[in-house]
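> Before anything else, here's the structure in question.
The values are calculated or read from the model by the stated rules, or taken from the named source; none is laboratory data. As the structure is a computational prediction, the values presented were derived from the model and not from experiment. Cβ atoms come from the backbone with ideal geometry, glycine included; neighbour counts cover every protein chain shown. When the accessible area is computed, the model is the full protein with side chains, heavy atoms only, and any ligands, DNA or RNA have been set aside. Shrake-Rupley method; radii C 1.70, N 1.55, O 1.52, S 1.80 Å.
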Amino acid sequence: MAVPPPPSRSRIPGSGLAKGLAVTLRTMTRKTVTEQYPDVQPELPPRTRGVIGLFEENCTVCMLCARECPDWCIYIDSHKETVPPAAPGGRERSRNVLDRFAIDFSLCMYCGICIEVCPFDALFWSPEFEYAETDIRDLTHERDKLREWMWTVPAPPALDPAAEEPKEIAAARKTAEKLAAAQAEPEEGES
C-alpha cells in the first residue's frame, strides 16, 4: 500500500531567487578583509597541523609510525649496534640505530596517526606550512629537515590548575618527603 505524499506548502514563485539575492546584498554591504599573506604572516591557531617534526633522540626505531600510516608515506631505515655491558660481568645489549627517517608529504594526508601511536614522543605537529616545492619528488623530507621543524613546535599548554596532581608526581613527592623526614630525624638526635 502506497503512502500518500505529505501536503505541499504553497510556494511563492521566485522566493528562492529573492533569498539568493538577499544573501548577495548582505555580503556586498560587508567590508572585505584581505590577508596580505606573503608580507604579513597569518595568525595561526595553536593546534595548527602544518608538518611533522622529528625529535630524533626519542626515536627507538620501533616502526610503529610507519606500520600504522594509512598512506605508507614514512620511510625508516636502521641497523643494530652492540652496546658494551653497563657493569662488569653484565651482558652486551643490542639497540637499533636510526639511519634514515623520511616523510613523503606528497602522500601524507596529515591524519596524525603516526604522532598518536608514537610511544616515545618522537613526532610532533609543527605549525610550519611553507614548504612548497616545484618538483613533487622534493616533498620527501629527510630527518635533518624534520629535525629543523621540531624546533618550531609550540610548548604544550599549561596544566589546568584545578586538575589533580598526576599519580607519578604525587608518589615521587611523597617518597621525597619521607626521605627528607628520615634524614632530618638523625640530625635532630645528634644535638
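> Could you tell me which helices of the chain pass both thresholds, a Cα extent of 20 Å or more along their own axis and a mean Kyte-Doolittle hydropathy of at least -0.5, with helices taken as whole DSSP H runs?
Span-like helices, by this rule, are 15-29.
> Given (1) 140; (2) 226; (3) 446, which label gives volume of the Cα convex hull per residue in Å³ as computed from the coordinates?
Computed from these coordinates, volume of the Cα convex hull per residue in Å³ corresponds to label (3).
> By a straight-distance test (C-alpha under 24 Å), which lysines pair with residue 19 as possible cross-link partners, with residues fewer than eight away in the same chain excluded?
31
> DSSP loop (so not H, G, I, E, B), at most 14 other Cβ within 10 Å: list which chymotrypsin sites (Phe, Trp or Tyr not before Pro) in region 64-161 pass both filters.
Taking region 64-161 and a limit of 14 other Cβ atoms within 10 Å, the loop chymotrypsin sites (Phe, Trp or Tyr not before Pro) found are 72, 110, 120, 129, 131, 151.
> Ignoring ligands, DNA and RNA, how do 63, 109 rank by accessible area with a 1.4 Å probe, largest first?
On the way: 63 60, 109 105 Å².
Result, largest first: 109, 63.
> Would you be so kind as to identify which of 115, 13, 27 lies farthest towards the positive end of the dipole of region 1-131, taking Lys and Arg as +1 and Asp and Glu as -1 on Cβ and the Cα centre as origin?
Going by the charge dipole, the pick is 13.
> Let me ask another. Scan region 85-187 for GluC sites (Glu not before Pro) in coil per DSSP, keeping those whose Cβ has at most 11 other Cβ atoms within 10 Å, and list them by number.
Details: sites: 92, 116, 128, 130, 133, 142, 148, 164, 168, 177, 187; in loops: 92, 128, 130, 133, 142, 164.
Answer in residue order: 92, 130, 164.
> Ignoring trypsin sites (Lys or Arg not before Pro) that are buried or in helix or strand per DSSP, and keeping those with at most 16 other beta carbon atoms within 10 Å, what is the longest stretch of the chain between them?
Between exposed loop sites, the widest span is 92-191.
> Continuing with this model, one more query. Taking just the alpha carbons, could you work out the radius of gyration and Dmax for region 63-133, both in angstroms?
Over region 63-133's Cα set, Rg and Dmax evaluate to 16.4, 54 Å.
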